[in-house]
1. Answer rounded, prolate or oblate for the stretch 399-440, using the Cα gyration tensor with square roots of eigenvalues a ≥ b ≥ c: rounded when a/c is under 1.5, else prolate when a/b is larger than b/c, else oblate.
2. Would you mind computing, in nm to one decimal, how far apart the modelled labels at LYS92 and ALA202 are, each placed 7 Å from Cα along Cα→Cβ?
3. Using DSSP to define loop residues, name the GluC sites (Glu not before Pro) in the stretch 35-95 whose beta-carbon has at most 13 other beta-carbon atoms within 10 Å.
4. Quote to one decimal, in nm, the extra length available between SER37 and MET288 on full extension: 0.36 nm per residue of separation minus the C-alpha distance between them.
5. Within 10 Å of each candidate Cβ there may be at most 12 other Cβ atoms; applying that plus a DSSP loop requirement, which chymotrypsin sites (Phe, Trp or Tyr not before Pro) in the stretch 199-300 survive?
6. What does the charge dipole of the stretch 220-286 about its Cα centre add up to, to the nearest 20 debye, if the Cβ of each Lys and Arg holds +1 and the Cβ of each Asp and Glu holds -1?
7. Would you mind checking the pairs LYS388/LYS422; LYS25/LYS70; LYS81/LYS348; LYS193/LYS236 and listing those with alpha carbons more than 27 angstrom apart?
8. How big is D for the stretch 183-242, in µm² s⁻¹ as a whole number, if Stokes-Einstein is applied with the Kirkwood radius of its Cα pairs at 20 °C and 1.002 mPa s?
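A short reminder: the numbers here are calculations on the coordinates, not readings from a lab. Note that the coordinates shown come from a computational prediction; the quantities given were computed from them, not determined experimentally. Here the Cβ positions follow ideal geometry from the backbone for every residue, glycine too, while neighbour counts run over all protein chains shown.
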Amino acid sequence: MAGAEDDMPSSPFGPLLAEVARMRKSNLSAAIQDVDSIIDLLTAAREEVAGDDDANKISMAMTMLQNPVKARLESTTDNLKNVTKAQRGFGKALDRALPHRELPMEADAMADHPELINRAIAMHLLREGQFSVASAFLREDHERHEQKIISSLANHNESSRLDEDGDDEMNRDDDEDDDEDMQRLHSADLQDKFAEMYSILAKLKERNLVSAIEWARINNPKLEAKGSNLEFELCKLQFVWLFKGPSINGLPDDENNGQMGALAYARQHFARFQSRHIKEIQQLCCAMIYASNLEESPYRQIFEIDSAFDDVSTSFTREFCSLLGLSAESPLYMAVTAGSIALPRLIKYTTYMKEKKTEWTTENELAFETPLPPSMIYHPIFVCPVSKEQTTEQNPPMMLPCGHVLCRDSLHNIAAKGSRYKCPYCPTEGHLRDAIKITM
């Protein structure tokens, strides 16, 4: 036992353990007891003088109370000093026992993925219509990639390639995937698609809807499969634009313009939209009765189109990119904008962490909330009410026909071995195939 005690100081944690023991002894128990004693003395004195009008007796009680209260207050102060001293000593011993080291605050999560960054830049240039710049960027990236492959092959001899055949095969597959992505960006077809989009947007800016309507008509099956109403919204705006007449729309003053031109347009194009938009079509046609005093009609809001062309341009861009499997906004633009918004708070947080010599303990996420506008919130968090776990890409939220939402694992557990289930929150029963996956 004595030998063990002699060895303790030699341990780097010996002083720290000694300070821990000191902290355990220097607690607040004694100070609390002194405070309780003061309360008892004051309570007893109050009961002694209560209801007694003798001033001399009251003065005597207060005088006798002074010294005991003062002594206990001093004892309380001494006890608190001991506790503070023990805490300070523990902090110093902790700093000595745990050496300081640089915190990994400057890590670049994308440093190992240059191909993803290059792809995001190239796609952004294409989306912005900078086709010549995008072509130059892609050509230089392709040349760099080829040079990298040549250098890699030159640095490996035949024996190392044989020994690492499996690893080389895996790396080759990854390179082929990256090549396919970049080849898609190189393709003239993709550039032609974006060129078409910008051509239509330019005409929409001039308040010419013909090209956009034609594109929506050709792609209508795909748009309807996604639940889009873009074609009808364009046709509806064309009806209103014709209804405004040549004095507003600047189109030729003939039978294809004005109220009669709008009516003829409705007869030609609105019939196939009746199954889904009959109410809106009826409102548009009934508005012709109030043509002479449209501002006082119940349909006044339909014909207020100050921002309609901007709105329909945004909808067109979103649907066009959606058919290409892309988001409406450039991911690079959104990432840079969101990063700019979060940067001041991030700098403040990292500075604070360095000063406190603590570490960032979260993985693959920020350690604090970053206030972003609603337009930049894409992945809301959903916690399954059954399993109490957050949903993931592998375990997505599923909406039942009754409207309740569960994660897929919980839904399959409820269904057990069969394919039918009963909603845990209402009497509705259903089939697994009726549940709809919700995109987060």
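1. Working: a/c = 1.58, a/b = 1.20, b/c = 1.32.
Because a/c hits 1.5 or more and a/b fails to exceed b/c, the stretch 399-440 counts as oblate.
2. According to this spin-label approximation, the distance is 7.6 nm.
3. Details: sites: GLU47, GLU48, GLU74; in loops: none.
For GluC sites (Glu not before Pro) across the stretch 35-95 that sit outside H, G, I, E and B with at most 13 neighbouring Cβ atoms in 10 Å, the list is empty.
4. Details: separation 251, 0.36 × 251 = 90.36 nm, distance 9.05 nm.
This chain segment gains 81.3 nm when fully extended.
5. Details: sites: TRP215, PHE232, PHE239, TRP241, PHE243, TYR265, PHE270, PHE273, TYR290, TYR299; in loops: PHE270, TYR299.
Passing sites in the stretch 199-300 do not exist.
6. Details: 8 positive and 7 negative charges, 71 e Å.
Roughly 340 debye, rounded to the nearest 20.
7. Numbers: LYS388/LYS422 19 Å; LYS25/LYS70 24 Å; LYS81/LYS348 34 Å; LYS193/LYS236 25 Å.
Those over the limit are LYS81/LYS348.
8. Reported coefficient: 170 µm²/s.
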